[in-house]
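Taking it in order: structure first as structure tokens, then the write-up.
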Amino acid sequence: MNAPARTATWHATDTRLLSGWYATGRPADLTDHLRRYGTPPVTAAHGNRHAMPLIRALEAAGLTGRGGAGFPTARKLRAVAAGRGRPVVVVNAMESEPASRKDQFLLAVAPHLVLDGAVLAAEAVGADTVHLCVPRGRSAQYWQLSRAMDERRDACLDEVSLRLHALPHAYVSSESTSLVRWLDGGEARPLGAPPRSHERGVGRRPTLVHNAETLAHLALVARYGPGWFRQAGTAQEPGTTLVTVSGAVAAPGVLEVALGTPLATVLDRAGGPAEPLRAVLLGGFAGGWLPARHLGIPLSRQALAPLGAAPGAGVLVALPRSACGLTETARILAYLAAQSAGQCGPCRFGLPAAADDFAALAAGQADQLLLSRLRRRTGLLPDRGACRHPDGAARLAASALGCFADDVEHHLTHGACPAAHRPPRLPVPPATPPETWR
Amino acid sequence: MTHTRTLRVDRIACTGRGLCAELLPELVDLDEWGYPVLLRTTVPARLRGHARRAVAACPVLALRTDRG
Ligand code: SF4
Ligand code: SF4
């Protein structure tokens with residue numbers, strides 16, 4: 001993992017979750033954490049003379065989920081609190097998006113901020129258990145987190161019980177229904193709704209599933225209030241967000257930026273483009289390509305929506321002009337196809353078929369009908385799976401056809417461009433199916 | 001008292017190549033692998049009977065109509 005430069009001099013309100021890291025340059029243990037933030041204000045979570053109840057504070061703060069979907073956090077808490085039975089809190093730290101490192105980074109440098117958030121959320125909805133889900137195979141992360149939990153236990157900090165789980169690391173295991181299914185003894189594959197997790201999740205109890213970063217923001221809103229939270233970001237999309245910048249930038253890594261920061265500024269904070277850029281991949285593998293001429297656009301849902309893009313899980317991959325966007329997209333699609341949970345026909349068959357079409361296009365081996373077939377196949381992916389995995393792949397494919405339209409034309413008429421023959425630039429995991437779902 | 005009915009497919013349960021497209025071609029088409037493509041999800045009043053028959057014919061209970 002790359003550590004971001006700590007010498008940066010940007011405005012302090014943009015640095016929240018990572019401020020301890022920037023100040024000290026080392027992961028915060030419980031002593032560091034308590035010195036910086038004090039104990040989590042659990043009794044205030046229900047509201048008292050000095051503080052409004054946490055759920056209302058979150059609503060006023062306008063905090064939304066930082067896992068990709070961007071759902072209002074307060075609304076989720078409220079739905080779970082209103083459910084029947086004792087709720088459960090699940091921390092989603094699966095971060096299955098290969099281009100994202102932010103949750104892993106946050107948990108490495110400020111684990112107690114995330115745990116505070118989980119404990120506070122549990123308190124606010126009346127839950128007695130917090131399950132922290134991390135991907136299997138990151139043993140260093142697992143041991144660090146179990147040490148962090150031990151520290152809290154030894155200090156008798158929390159009344160709720162905290163449990164750590166290592167789940168199979170597949171692209172769709174981070175779906176909230178996958179987590180619920182696995183925690184109940186099943187496979188980490190998505191379940192078709194209904195029932196929805198917030199009504200009937202783990203052990204049939206109302207289940208609050210939140211991304212790790214979201215909970216860290218929640219922990220700060222609980223301490224400093226909605227007014228403070230709104231000092232960064234835009235009026236519609238307040239706060240900061242973690243981003244993972246990779247690809248052709250001088251200093252790739254995880255950064256914290258205010259929502260609404262122009263994409264070009266985000267890239268500059270990651271050292272700036274290392275060579276002239278063709279495009280950026282925004283949001284992740286299930287996100288979309290944005291031509292480099294749009295880099296002046298702010299990182300916010302509102303600003304990006306007209307371009308069919310979204311901040312997603314805060315992924316920014318800079319694609320240099322010397323690379324072929326079609327080849328890179330074909331590699332990502334092959335990976336996404338291999339990672340299908342294989343449960344739904346349209347995903348199981350449609351995704352590999354669209355990926356194969358795209359690979360033929362990238363290789364300059366398209367037949368006459370390829371483009372119309374590819375468009376039809378990707379057009380039939382959205383809304384036809386039990387989860388949104390096929391929708392994401394379709395979005396990526398469609399955005400590539402738009403962003404690299406000139407290259408598509410070239411590949412169709414003259415075969416692959418010279419860039420397509422160079423070694424690929426983006427790190428994409430091998431297109432192999434997950435080893436296990438349990 | 002009439003309610004709008006919405007056609008839904010449980011994508012995990014659906015095994016494809018079914019009768020639904022045959023019994024309800026106005027609303028259901030099949031993709032190249034035989035899995036249903038819903039042309040529209042709201043069931044018009046005149047197709048209620050056909051929709052009910054298609055739902056009943058699905059061997060794995062993957063097709064259903066929900067209220068609203
Ligand atoms: S849509 Fe694909 S990934 Fe999602 S549950 Fe169905 S088969 Fe699995
Ligand atoms: S009849 Fe049922 S199982 Fe068969 S294709 Fe239709 S919905 Fe799927």
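Per-structure values
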| quantity | calculated |
| --- | --- |
| Angle in degrees between helix A:111-125 and the longest Cα principal axis of chain A, rounded to the nearest 10 | 70 degrees |
| Computed over the stretch A:325-421: relative contact order in percent, which uses C-alpha pairs under 8 Å that are six or more apart | 34 percent |
| Span from the the stretch A:311-348 Cα centroid across to the the stretch A:391-423 one, whole angstrom | 13 Å |
| Cα-based helix-to-principal-axis angle, A:212-229 vs chain A, degrees rounded to 10 | 60 degrees |
| Cβ-Cβ FRET estimate between B:Arg8 and A:Ala69, R0 fixed at 25 Å, reported to 0.05 | 0.75 |
| Most mobile of A:Thr31, A:Thr129, A:Thr244 in a GNM of chain A (Cα contacts under 10 Å) | A:Thr31 |
| Pair A:Ala23, A:Ala250: separation of 7 Å Cα→Cβ label points (nm) | 2.9 nm |
| Within chain A, helix-based [θ] at 222 nm, where runs of 4 or more DSSP H residues each add -39,500 (n - 2.57), nearest 500 | -12000 deg cm²/dmol |
| Of every Cα-Cα pair in the stretch A:240-320, the percent that sits beyond 18 Å | 26 percent |
| Cα Rg, Dmax (largest Cα-Cα span) when computed across the stretch A:17-229, Å | 15.9, 46 |
| Rg and Dmax of the stretch A:325-421, Cα atoms only, in Å | 12.7, 40 |
| Neighbourhood net charge (15 Å Cβ-Cβ; Lys/Arg +1, Asp/Glu -1) for A:Ser146 | +1 |
| Label-point gap, in nm, between B:Arg46 and A:Glu409 - each point 7 angstrom along Cα→Cβ | 4.6 nm |
| Most mobile of A:Ser173, A:Ser100, A:Ser146 in a GNM of chain A (Cα contacts under 10 Å) | A:Ser146 |
| Of A:Ala318, A:Ala45, A:Ala366, the one that fluctuates the most in a GNM where chain A has Cα springs shorter than 10 Å | A:Ala366 |
| Cα gyration tensor shape for the stretch A:331-388, rounded if a/c is under 1.5, else prolate or oblate | oblate |
| Prolate/oblate/rounded call for chain A, Cα gyration tensor, a/c under 1.5 rounded | prolate |
| Charge dipole magnitude, Cβ of K and R +1, D and E -1 - chain A, Cα centre, debye nearest 20 | 640 debye |
| Charge sum, other residues only, whose C-beta stays under 14 Å from B:Gly49's C-beta, Lys/Arg counted +1 and Asp/Glu -1 | +4 |
| Long-range tail of P(r) for the stretch A:158-220 (Cα pairs > 20 Å, %) | 29 percent |
| Gyration tensor (alpha-carbon) shape descriptor, the stretch B:5-60, a/c threshold 1.5 | prolate |
| R0 of 45 Å, Cβ-Cβ distance A:Asp154-A:Arg438: FRET efficiency to nearest 0.05 | 0.90 |
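Each value in this text was obtained by applying a stated rule to the coordinates, not by laboratory testing. All values reported here derive from a predicted model rather than from experimental measurement. Because the Cβ atoms are built from the backbone with ideal geometry, glycine has one as well, and the counts that use them run over all protein chains shown.
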